[in-house]
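Quick notes on the structure that follows.
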Amino acid sequence: MRRSGLQNRQALAWLSCLLVVLSGQALAAAGLTAEEIIARVDANSDVQSSHGYSTMVIRTGRRELTKEMEIWSSGDNALVSFHNPADRGTKYLKLGNELWMYFPDADDLVKISGHMLRQGFMGSDFSYEDTLENRRLTDLYEFSLLGVEECDESECYVLEATARPGVEVTYARRRMWIDRELFVPRREELYAAGGRLLKVSRVERIEEIDGRFIPTQVTMEDVLRQGSSTTLFVSDLELDVEIPDDLFSLRSLMR
Amino acid sequence: MPLLIRLAVRNLWRNRRRTILTFGAVALGIVYLILVDSLLRGLTQSSIDNLLDFESGDLQIHAPGYFDEREDLPLEPALPVDRLINEVRAVAGVRAAAPRLVAPARLHAGWEEFPVVLVGIEPELDSGTLRIMDYVEGRAPENGAAEAMIGASLAELLEIGTGDWVVLTTRTRDGAIQALDVRVTGLVRTPNPNVNRNHVYLPLNTLGESLAVPGEATVIVVRAGAGESLKELARRVGEHLAAAGTAADVYTWEQSNAELVALIRTETVSDGLVIAIILAISLVGIANTTLLSALERRREIGTMKALGMREGEIVGLFLLEAVATGLLAVGTGFAVGAAANAYLVAVGMDISAFFGDLDVGYPVTGVVYGVWHPQTFVLAGAAGLVTCALAAYLPARRAARQDAAATLRP
Amino acid sequence: MALVELEGVSKTYRQGKLEVPALRGVDLEIEAGEFTAIVGPSGSGKTTLLNLIGCLDVPTAGIVRLAGRELSRLDRNALADIRREKIGFIFQSFNLIPVLTAKENVEFALALLRRNGAGQVHGEQVTELLAEVGLAGLENRRPGELSGGQQQRVAIARALVKAPAIVLADEPTANLDSENGRAILELMRAMNERRGTTFVFSTHDPMVMEYSRRIVTLQDGRVVADERREPDAAPHPARCS
């Protein structure tokens with residue numbers, strides 16, 4: 001139960017990352033610098049709040065697990081409630097920099113901290129700390145534009161992000177493929193400090209919602225774990241909806 | 001031989017079978033106590049030896065603040081190796097010292113991954129300090145190379161052999177994920193199962209650079225010269241380092257391994273439990289014997305009372321018989337116990353027969369050897385005798401108090 | 001002063017809710033050196049009377065004095081001390097200690113005495129005494145290896161070895177055939193005459209009465225007759241080898 005809760009958090013983290021990174025206005029731009037491209041991505045992902053449903057399929061070796069969840073987000077806060085039978089009632093709450101899990105079977109409220117933040121759930125490659133990434137990527141990394149490449153039948157900017165000195169990041173280096181027209185990342189590679197490729201994420205579907213382009217199907221693959229990947233499907237997404245502030249509270253978690 | 005003792009001995013002989021049963025129970029108890037105690041002490045000794053020889057050394061020097069966080073194996077605060085190691089080795093009473101950089105990691109093999117402990121070592125210094133190097137199948141990793149030795153149990157679990165490449169993921173000092181591709185140069189098969197199951201050894205400089213803490217160690221392990229008081233030595237090392245202008249805290253292995261120390265203390269309690277069980281068996285056995293004997297000898301007791309024996313003297317006669325049984329049992333128990341213990345000391349016992357691969361908390365695997373502990377003999381003997389006397393007392397007193405006139409009625 | 005004095009002695013046993021009177025107001029004096037038989041039917045109180053004199057029991061009412069000491073005032077240890085020093089017992093069923101030899105059984109009584117420093121008889125005298133009761137050469141046999149008559153002789157030696165003030169014999173011949181019984185009686189009378197030891201018997205064996213100088217008859221816990229007489233001349237002297 002606890003494990004699956006952890007997995008759920010990762011999923012949420014992933015989703016919130018996606019929402020932040022992916023929403024953007026289609027804009028044809030030429031001659032942009034790396035910083036300008038990222039600023040565009042950041043600006044396009046400026047979603048005040050959202051509500052939607054998501055399905056997460058986790059493949060580990062021969063096993064496949066499916067999680068159903070409902071997600072609310074607003075600013076730095078997010079709430080995920082699981083609906084699939086195995087995890088029903090399990091909730092995940094992100095309050096700024098804190099992560100909380102609620103397990104209904106044990107009626108147990110757990111704060112995720114320390115080493116637990118580094119754990120990935122269910123063989124998915126999302127870690128809790130990924131979901132805590134509130135800071136803008138430009139605060140954490142220095143970007144450089146490597147060029148333009150064909151990527152999933154689109155033209156993509158290839159950006160390389162290197163951790164700024166003195167800033168603590170999980171991935172020392174990232175490489176991102178940003179759709180030239182939609183300013184939505186289509187692919188991302190995450191690297192270890194020593195340069196080894198750790199994870200690869202691919203956006204497999206992008207939908208236009210309220211005039212923004214939102215990735216609604218993303219697959220993350222852990223390179224170090226053979227046969228392990230996680231796919232997130234997003235549906236019925238509403239943006240900038242009214243969400244009562246008290247939804248993001250420990251009290252609502254236990255409700 | 002005084003008549004009363006002759007009487008006691010003949011009474012015991014008269015009920016040979018019962019006497020032998022009682023005597024056997026007590027003797028067996030004593031043998032059991034001696035052997036269990038010997039093995040537990042051996043287990044404790046091996047545990048401590050294995051801990052000290054393969055993991056912790058006698059003393060551990062950490063940077064201030066590390067100790068309280070040590071469960072998490074943080075990379076900071078760390079110690080500067082070059083500045084410290086020679087200072088530490090210069091302290092009188094320090095036999096050897098070696099720096100180690102310890103970090104948590106995951107070892108990836110196929111789609112599985114296992115939590116492991118990365119230990120950065122300087123093979124030259126480490127082999128004079130701990131005994132890992134004596135138990136390497138293959139060779140130690142070379143300084144600066146992407147090489148590692150891994151615990152043999154871990155290797156067997158993951159079906160990894162010498163020459164294979166493995167990937168280790170951990171975190172740099174700044175929290176970034178670091179992945180290390182290293183070639184396995186050797187397997188470490190020590191008597192300490194924790195080491196065999198969990199540890200992966202890399203060259204200190206390779207690991208330090210990978211984790212962004214070059215030239216640093218999270219711990220300097222120290223071995224004391226023979227007969228050194230560890231507390232005293234810890235104090236001296238601490239003062240020496242302070243005088244040399246380095247902030248460092250020195251701990252004894254007992255401070256660093258409170259869990260094992262507590263486990264050993266628990267074991268002392270269970271030792272007491274064993275004694276209690278043995279005493280209980282003896283108590284019931286002797287009490288039963290005395291009770292039966294007293295019932296059978298009702299008329300005889302009446303006669304003795306008629307002859308002018310005081311009740312206390314009759315009780316004394318029964319106690320004499322009980323203690324004689326006890327003495328016989330103690331003697332036999334000592335002889336058999338000593339013989340069996342000599343075997344345990346020389347040949348030992350394979351505890352995996354009891355625990356299998358189960359981790360029972362002791363850093364011990366395979367054969368545990370007994371130890372000689374004369375106090376246990378004294379304790380077992382005294383306990384056996386006192387039990388016999390105690391167990392005989394109540395039934396004897398009851399028998400002695402019986403109305404002589406009634407017991408003598410034909 | 002008589003050796004044994006009983007004044008208005010009653011003894012009642014309690015069996016469940018039932019009170020069974022064994023003695024009802026017995027007055028009796030026995031002088032030192034007497035050879036007295038207590039006779040009467042079963043249940044007339046003979047054994048109870050002997051037990052009271054022998055400090056194995058205390059009266060429900062009345063006073064028992066032995067050599068001037070009132071027994072009911074004494075605690076159990078003091079009673080044991082009196083039994084050890086002053087009283088010899090001979091039982092119907094001999095009651096020798098089975099794991100000890102004839103000689104050891106006699107020595108046992110002596111050993112108890114010696115521990116109080118009161119013993120005056122030495123080891124070789126035990127052998128002599130056993131010879132005197134007719135057991136020369138049988139000293140090292142255990143009770144199981146002796147006949148009934150021989151066992152009772154050991155018991156007599158055990159009673160006499162500490163030179164007691166009084167020997168109490170409860171039906172001493174009841175488990176013996178008449179020939180052995182007679183021999184035992186003759187032995188006891190010889191001891192009475194030779195050593196001046198006081199003997200008190202309980203019996204309903206007419207043969208015992210033949211040997212007695214005084215016959216006290218009990219019935220329903222009361223003394224109904226107390227007859228002093230010259231005993232019949234013994235047909236044979238006690239066999240002493």
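Quick note: the coordinates plus some simple rules give every number you see, no bench work behind them. Because the structure is a prediction, the values reported are computed rather than measured. Cβ placement follows ideal geometry from the backbone for every residue including glycine, while neighbour counts extend to all protein chains displayed.
Relative to its Kirkwood radius, the Cα radius of gyration of the range B:64-247 gives an Rg/Rh of 0.98. With a ≥ b ≥ c the root eigenvalues of the C-alpha gyration tensor of the range B:32-140, is it rounded (a/c under 1.5), prolate (a/b larger than b/c) or oblate? Because a/c hits 1.5 or more and a/b fails to exceed b/c, the range B:32-140 counts as oblate.
Assuming charge only on the beta carbon of Lys and Arg (+1) and of Asp and Glu (-1), the dipole of the protein assembly as shown about its Cα centre is about 6680 debye to the nearest 20.
Ordered by the number of other Cβ atoms lying within 10 Å of each residue's own Cβ, fewest first, C:SER42, C:SER93, B:SER38 fall into the sequence C:SER42, C:SER93, B:SER38. Evaluated on the range A:169-255, the Kirkwood hydrodynamic radius is 15.5 Å, with distances taken between all distinct Cα atoms.
For the Cα atoms of chain B, what angle does the longest principal axis make with the long axis of helix B:258-296, in degrees from 0 to 90, nearest 10? Once rounded, one gets 10 degrees. Across the range C:130-208, the volume of the C-alpha convex hull divided among the residues equals 86 Å³ per residue. Taking the DSSP bridge list for the range B:102-227 and keeping only pairs wholly inside it, about 70 percent are antiparallel. Volume of the convex hull of the range B:294-394 (Cα atoms only), normalised per residue: 148 Å³. Take the Cβ atoms of B:LEU263 and B:VAL336, set R0 to 41 Å, and the FRET efficiency comes out at 0.85. The GluC sites (Glu not before Pro) of the range B:109-162 that DSSP puts in a loop, and whose beta carbon has at most 15 other beta carbons within 10 Å, are B:GLU142, B:GLU159. Placing +1 on the Cβ of every Lys and Arg and -1 on the Cβ of every Asp and Glu, with no other charges, gives chain C a dipole of roughly 600 debye about its Cα centre. Highest GNM mean-square fluctuation among B:ILE85, B:ILE132, B:ILE314, for chain B modelled with Cα contacts below 10 Å: B:ILE314. Can you give the FRET efficiency for C:ALA174 and B:LEU394, using 1/(1 + (r/R0)^6), R0 = 41 Å, r = Cβ-Cβ distance, to the nearest 0.05? Working from the Cβ atoms, E equals 0.70. Determine the sum of side-chain charges near C:GLU7: Lys and Arg each +1, Asp and Glu each -1, restricted to other residues whose C-beta is under 11 angstrom from that of C:GLU7. With Lys, Arg at +1 and Asp, Glu at -1, the neighbours total -3.
Largest first, the three principal axis extents of the alpha carbons in chain B are 100, 50, 32 Å in whole numbers. One quarter of the convex hull surface built on the alpha carbon atoms of the protein assembly as shown amounts to 57.6 nm², the projected area averaged over directions. Per-residue ellipticity at 222 nm computed for chain B from its helices equals -18000 deg cm²/dmol, with DSSP H segments shorter than 4 residues left out and the rest contributing -39,500 (n - 2.57). For chain B, the longest principal axis of the alpha carbon atoms and the long axis of helix B:3-14 meet at an angle near 70°.
Relative to the dominant Cα principal axis of chain B, helix B:374-401 is inclined by about 30°. Ranked by how many other Cβ atoms sit within 10 Å of their own Cβ, fewest first, the residues C:PHE199, B:PHE114, C:PHE108 fall in the order B:PHE114, C:PHE108, C:PHE199. Over 19 Å apart at the Cα level, from the set A:LYS67/A:LYS91; A:LYS94/A:LYS199; A:LYS111/A:LYS199; C:LYS11/C:LYS86, are A:LYS94/A:LYS199; A:LYS111/A:LYS199; C:LYS11/C:LYS86. Exposure proxy shown here: for C:VAL9, B:VAL200, C:VAL99, A:VAL200, the number of other Cβ atoms within 10 Å sets the order, fewest to most, as A:VAL200, C:VAL99, C:VAL9, B:VAL200. Here the sum of -39500 (n - 2.57) over DSSP H runs of 4 or more residues, divided by the residues of chain C, equals -10000 deg cm²/dmol at 222 nm, to the nearest 500.
Contact order for the range B:111-200, expressed relative to its length and based on alpha carbon pairs under 8 Å spaced 6+ residues apart, stands at 37 percent.
Using a 7 Å offset from Cα along Cα-Cβ at C:MET207, what residues in the range C:134-164 end up with backbone N under 20 Å from the label point? Within reach of a label on C:MET207, which here means backbone N under 20 Å from a point 7 Å along Cα→Cβ, the range C:134-164 contributes C:134-135, C:146-157. Taking every alpha-carbon pair under 8 Å whose residues sit at least 6 apart, chain B reaches a relative contact order of 26 percent. By the Stokes-Einstein formula, at 1.567 mPa s and 4 °C, the range C:4-228 with its Kirkwood radius over alpha-carbon pairs has D equal to 73 µm²/s.
Annotation: extensible slack from B:GLU156 through B:ARG6 equals 47.3 nm (criterion: 0.36 nm per residue apart, minus Cα-Cα distance). Return the FRET efficiency for the residue pair B:ALA276, B:GLN402: r is the Cβ-Cβ distance, R0 is 30 Å, and the value is rounded to the nearest 0.05. Efficiency at R0 = 30 Å is approximately 0.40. Here's the picture: charge each Lys and Arg Cβ at +1 and each Asp and Glu Cβ at -1 in the protein assembly as shown, and of B:ILE48, C:GLY45, B:ILE160 the one pushed furthest to the positive end of that dipole is C:GLY45. For the range C:4-228, the relative contact order comes to 30 percent (Cα pairs under 8 Å, sequence separation of at least 6).
Spin-label model, B:ASN288/A:ASP152: points 7 Å from Cα along the beta carbon direction are separated by 8.1 nm.
Rounded to the nearest 20, the size of the Cβ-charge dipole of the range B:217-302 about its Cα centre is 340 debye, with Lys and Arg at +1 and Asp and Glu at -1. In the range B:276-410, taking the dipole from charged Cβ atoms about the Cα centre, the farthest positive-side position among B:LEU283, B:LEU408, B:ALA339 is held by B:LEU408.
For the range A:44-130, the gyration tensor built on C-alpha atoms gives a rounded shape. Its axis ratio a/c (a ≥ b ≥ c) stays under 1.5.
Across the options B:ALA248, B:ALA380, B:LEU327, the greatest Cα extent toward the positive end of the charge dipole of chain B (unit charges at beta carbon of Lys, Arg, Asp, Glu) belongs to B:LEU327. In terms of its alpha-carbon gyration tensor, the range A:29-76 comes out oblate; a/c meets the 1.5 threshold, while b/c is at least as large as a/b.
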